[in-house]
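Below is one structure; the comments refer to it alone.
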Amino acid sequence: MYVDVAADGDLAEGGMVAVKAEGEEVLLCRYEGKVFAVSRRCGHEGAALNIGALGGHIVVCPLHYAQFDIITGEALLGPADKSYGTDAKSPRGKTLDTKDLKTYDVKVKNGRIFVDPFSKISP
Ligand code: FES
């Protein structure tokens with residue numbers, strides 16, 4: 001069941017918009033003209049990803065800088081550790097201390113963006 005969550009014109013290329021669909025906190029992102037929908041909450045400690053940064057198809061968490069692919073929801077880089085990656089046991093780039101993001105089915109029709117909150121794929 002798709003839910004109308006936003007106007008297509010409210011989501012610029014390279015932009016992000018946080019919406020709710022049936023209680024699910026969803027982050028809409030536009031990359032190369034397409035709309036993608038993932039969980040708004042970071043897989044590490046739940047920071048709001050809409051106040052992070054989107055570069056291409058990668059969203060960076062504003063809190064500890066974990067990185068996620070908005071197309072697949074995959075965690076690409078774990079959160080920064082206190083050693084800033086200089087410790088040999090650092091998880092940076094090796095052990096991903098975060099969950100992947102849920103992804104949702106999304107479609108655009110008649111100038112509106114629709115998300116199916118029940119389509120979430122939990123990695
Ligand atoms: S809450 Fe996102 S990296 Fe820690």
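The values are calculated or read from the model by the stated rules, or taken from the named source; none is laboratory data. Just so it is clear, the model here is predicted, and its values are computed rather than measured. Note that each Cβ is placed from the backbone with ideal geometry, even for glycine, and that neighbours are counted across all protein chains shown.
Does GLY14 fit the bill of being farther than 20 Å from LYS107 by Cα, assigned to a loop (DSSP other than H, G, I, E, B) and in contact (Cβ under 8 Å) with a residue 40 or more places away in the chain?
no
Restricting attention to the range 61-74, which residues are surrounded by 18 or more Cβ atoms within 10 Å (Cβ to Cβ) and either out of contact with any helix residue (DSSP H, G or I) (no Cβ under 8 Å at 6 or more places or on another chain) or in contact (Cβ under 8 Å) with a residue 60 or more places away in the chain (or both)?
Passing the criteria: ALA66, GLN67, ASP69, ILE70, GLY73.
Could you check VAL35 against (1) more than 18 Å from LYS107 (Cβ to Cβ); (2) surrounded by 18 or more Cβ atoms within 10 Å (Cβ to Cβ) and say which number it fails?
(1)
Could you tell me how many of the residues in the range 81-96 are surrounded by fewer than 17 Cβ atoms within 10 Å (Cβ to Cβ) and either at pLDDT 55 or above or among the hydroxyl-bearing types (Ser, Thr, Tyr) (or both)?
Of the residues in that region, 7 qualify.
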